[in-house]
Amino acid sequence: MKSALRKTIVKGLFCLALPGLASAQVNPVPRDDQVNDLYPGQAYSPYAQRAFPSHVYWGETHLHTGLSLDAGLFGNTLDHEDAYRLARGEEVVSSTGLPVKLSRPLDFLVIADHSDMMGIATDIQNGTPNILAIPEGKRWHEAFKKGGREAGEAAFELIQAFSQFEVPEKMVTDYSPGSSNYAKIWDSIIDAAERFNEPGRFTAFIGYEWTSVPKGFNLHRNVVLRDGGHRARQVVPLTTQPPVGTTNPLDLYEWLENYESNTGGQALAIAHNGNLSNGWMFPMDKTYAGGRVDRNYVALRAEWEPLYEVTQIKGDGETHPALSINDEFADYGTWDKGNLDLSELKKPEMLAGEYAREALKNGMVLEQKLGTNPYKFGMIGATDSHTSLATAEEENFFGKSVSVEPSAERINHPFISSDLATIEGYQLVAAGYQGIWAMENTREALFDAMERKETYATTGPRMVVRFFGGWDYTEDDLRSRAPAFRGYEKGVPMGGDLTMAPEGKSPTFMAYALRDPMGANLDRLQIVKGWVDKKGKTNEKVYEVAWSGDRRPGSDGKLPPVGNTVDVEAANWTNTIGASELATVWTDPDFDPEQRAFYYVRVLEIPTPLWYLYDKVRFGAELPEGIPTSHQERAYTSPIWYTP
């Protein structure tokens, strides 16, 4: 009886399973006639069958360790292992003995130590015989032994000697390519990257900084290799100090070309801190190296520099209030006193060659003239920290160098001072990070995403930002928690191109942002447009496209401020204003299909405390009177370009 009953039950269950099994075999995915147009997925599971990047990966491409000559003299005793451990989420101890940990791990890192004289700082610290035999070396060694401000001043003296090509020749020779010291250090850099690179979990790129700074004009580039040690060991980095080095970017492009042709690998370069170049970062006619901005120059720069580091500790480089006079948010992290070592003051006419937005506009002018846009770059952020610590959060900011790691006094320690000007310590910007939309967390996938410019910069917060351009986006495309399906299906992502407008159509853009889950609410989304008119003149306009609350733009198009909840006494804010997410589909109301243009999104958070307010609360630091106490952190996407 029990046996018969068991057979009946099993038979019944088997029959019940058959309809589902047959359905799965015959119709594994919904048919088009079964799916509402509002559902964008390719299968019932919205996370399956995705042929586009679904994750944003966070990191930076510009960190220095104690191997960099200036970082070491500032007192940085941390090496590559320490830098990678912190980036991966571990707690480490800073060079000044402070425990430090990131709020969340990073996904990738490029340690970009200065290629010139790598390792010299360690030998100056240790007082090796070859260093002590040189008067300057002995003096710098003694300053390092004293530590603190003396070490910082010695570092700036070395920086100035470096930028003015006044470093003793014997020092340069001992720590340049061709020496045994240099070969060992380059091998150790490669070994560390290989050891910490874990595909799928953490990406450690091999790279370096080519520190071209003739006469103090910042023309630095960070070099990033897509490849592992087997290719990186076939080369040594390019340097800038004579007799073997060069400060000409054309020579860097030749190095990159030789790397790829000789090793079969891939590489790119990223410029930074045009704001300290005194007009030379984005030339229109002639280069500082004495060359011309001709067809060869624009073609090579476009090929090898797909990205620009738009924000970092040494100032924000999106735009300047004198260049963008109608942009109320242009004056952010502004450093405009002079070149890197303040040996030459800034003049108003220099600004146009220093900032990203102006370069994006001028690049289209050069494209019309020479056939290639040399300034068609994506946006990234990085720290340029010289502490081995990739910190870019206001409440966890370990400064530019060891001499200004957290303390009650660092607010009053000038970043740099000369007879001409001073950049004060409070002007350091706790920035920035880079978000990359990639298929997976590997060297190859992240590098390829950077090449196609599907990346964006933030001043530190990890807000999620998407930006798409096309001709047919509608509000219905946002009626989903996965609008990226429609974004890729109907257009191009950030970094992409639109061409030849369909008859009677203007471009439509889909933009959305989610706040950093540990950060502040969002104030607004803006689309920044630049274009070249029929007379060849460049223009720009900032459009308010989405915002929090029930505010309305005035007759001048300006949106009222979101408000400010910053508690100065407690270094705190509340998310009682702003929005956790903002999204919109926007059509350009001023589109001319005959005019070249670019568009990028700028996301603004509600006001939050600046880093030195935390010093006031935690150390009792006395702040200079009248300095700002809050700011609005932001993100900049890579542009989308339109070409007739």
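Counting only DSSP beta bridges with both residues in region 519-605, tell me the antiparallel percent, nearest 5. Write out the running numbers ahead of the final one.
Working: 20 of 20 bridges.
In region 519-605, approximately 100 percent of DSSP beta bridges are antiparallel ones.
Once each part is reduced to its C-alpha centroid, what is the distance from region 82-155 to region 287-350 in angstrom?
Here the answer is 28 Å between Cα centres.
Straight distance only, please: which aspartates and glutamates reach the Cα of LYS337 with their own Cα at less than 12 Å, same-chain residues fewer than 8 apart left out?
Output for LYS337: GLU424.
In region 524-606, if the dipole is taken from +1 on Lys/Arg beta carbons and -1 on Asp/Glu beta carbons about the Cα centre, which of ALA546, THR576, GLY536 is farthest to the positive end?
GLY536
Round to a whole number: what % of the accessible area of region 586-644 belongs to carbon and sulfur, probe 1.4 Å?
Details: 930 of 2030 Å².
It is 46 percent, rounded to a whole number.
What is the list of residues in region 71-97 whose amide nitrogen lies under 13 Å from a point 7 angstrom out from the Cα of SER407, following Cα to Cβ?
74-76, 95-97
So, by mean Cβ neighbours within 10 angstrom, what's the order for 480-486, 153-159 with the highest one leading?
Working: 480-486: 16.9, 153-159: 20.7.
Top to bottom by mean Cβ count within 10 Å: 153-159, 480-486.
Can you tally the net charge around GLY216? Count Lys and Arg as +1, Asp and Glu as -1, for every other residue whose Cβ sits under 11 Å from the Cβ of GLY216.
Working: positive: LYS215; negative: ASP341, GLU344.
For residues surrounding GLY216, the net value is -1.
Straight-line reach from LYS534: which aspartates and glutamates have a Cα under 12 Å away, not including same-chain ones fewer than 8 places off?
The reachable aspartates and glutamates, counting only those whose Cα sits under 12 Å from LYS534, are ASP592, GLU594.
If you fit an axis through the alpha-carbon atoms of helix 249-263 and take the longest principal axis of the Cα set of the chain, what angle between them do you get, 0 to 90°, nearest 10?
Computed tilt is about 60 degrees.
Rounded, prolate or oblate for the chain? Axes are the square roots of the Cα gyration tensor eigenvalues, ordered a ≥ b ≥ c, and the cut-off for rounded is a/c under 1.5. All intermediate terms of the calculation are to be shown ahead of the outcome.
Values: a/c = 1.61, a/b = 1.41, b/c = 1.14.
The shape class here is prolate.
How do 622-632, 213-223 rank on mean C-beta neighbours within 10 Å, highest first?
Numbers: 622-632: 13.1, 213-223: 22.8.
Averaged packing, sorted descending, gives the order 213-223, 622-632.
Which angle between 0 and 90 degrees, to the nearest 10, do you get for helix 135-146 versus the longest principal axis of the chain when only C-alpha atoms count?
Taking Cα atoms only, the helix is inclined about 60 degrees.
Among VAL365, MET171, ALA48, whose Cα projects farthest towards the positive end of the dipole of the chain, with charges put on the beta-carbon of Lys, Arg (+1) and Asp, Glu (-1)?
ALA48
Order of 465-474, 63-72 by packing, highest average Cβ count within 10 Å first?
Values: 465-474: 20.7, 63-72: 27.2.
My ranking of the peptides, most packed first, is 63-72, 465-474.
Report the one residue of VAL492, PHE144, ALA457 whose Cα lies farthest in the direction of the positive end of the charge dipole of the chain (charges on C-beta: Lys and Arg +1, Asp and Glu -1; origin at the Cα centre).
About the Cα centre, the residue reaching furthest to the positive side is VAL492.
Nearest-5 percent of antiparallel DSSP beta bridges in the chain? Numbers along the way, then the final one.
Numbers: 76 of 94 bridges.
Rounded to the nearest five, the antiparallel share is 80 percent.
For VAL93, what is the net charge nearby, where nearby means another residue's Cβ is under 12 Å from its Cβ and Lys, Arg count +1, Asp, Glu -1?
Numbers: positive: ARG85, LYS101; negative: ASP82, GLU90, GLU91, GLU405.
Result for the neighbourhood of VAL93: -2.
Counting each pair of different Cα atoms once, what's the Kirkwood radius of region 281-439 in Å, rounded to one decimal?
Values: mean 1/r = 0.0578 Å⁻¹.
This gives a value of 17.3 Å.
Let me check against my output: what whole-number percent is the relative contact order of region 489-644, with C-alpha pairs under 8 Å and at least 6 apart?
On the way: 314 pairs, mean separation 52.0, N = 156.
Relative CO of region 489-644 lands at 33 percent.
Expressed as an acute angle from 0 to 90° and rounded to the nearest 10, what is the orientation of the C-alpha long axis of helix 356-370 relative to the principal long axis of the chain?
It is inclined by approximately 90 degrees.
Under a Cβ-only charge scheme (Lys and Arg +1, Asp and Glu -1), can you give me the dipole magnitude of the chain about the Cα centre, in debye to the nearest 20? Working shown, then result.
On the way: 63 positive and 88 negative charges, 392 e Å.
Around 1880 debye, computed over the chain.
Report, ordered by chain and residue number, the lysines lying within cross-link reach of LYS558, taken as a straight Cα distance under 21 Å and ignoring same-chain residues fewer than 8 apart.
Partners within reach: LYS529, LYS541.
Of LYS146/LYS346; LYS184/LYS376; LYS215/LYS347; LYS101/LYS138; LYS376/LYS490, which ones are farther than 27 Å apart at the Cα?
Values: LYS146/LYS346 34 Å; LYS184/LYS376 37 Å; LYS215/LYS347 16 Å; LYS101/LYS138 35 Å; LYS376/LYS490 23 Å.
Flagged as over cut-off: LYS146/LYS346; LYS184/LYS376; LYS101/LYS138.
If a/c stays under 1.5 just call it rounded; otherwise compare a/b with b/c (prolate if a/b is bigger, oblate if not). Do that for region 57-121, with a ≥ b ≥ c from the square roots of the Cα gyration tensor eigenvalues.
Values: a/c = 2.95, a/b = 1.38, b/c = 2.14.
It is oblate, given that a/c is not under 1.5 and a/b is not larger than b/c.
Can you check how the C-alpha radius of gyration of region 205-324 compares to 2.2 N^0.38 Å, as a plain ratio?
Values: Rg = 14.7 Å, N = 120, 2.2 N^0.38 = 13.6 Å.
This ratio for region 205-324 stands at 1.09.
The values are calculated or read from the model by the stated rules, or taken from the named source; none is laboratory data. Remember, it's a predicted structure, so these values are computed and weren't measured experimentally. Quick reminder, even Gly has a Cβ in these numbers, built from the backbone with ideal geometry, and neighbours come from all protein chains shown. Accessible surface areas use protein heavy atoms only, side chains included; no ligands, DNA or RNA. Shrake-Rupley method; radii C 1.70, N 1.55, O 1.52, S 1.80 Å.
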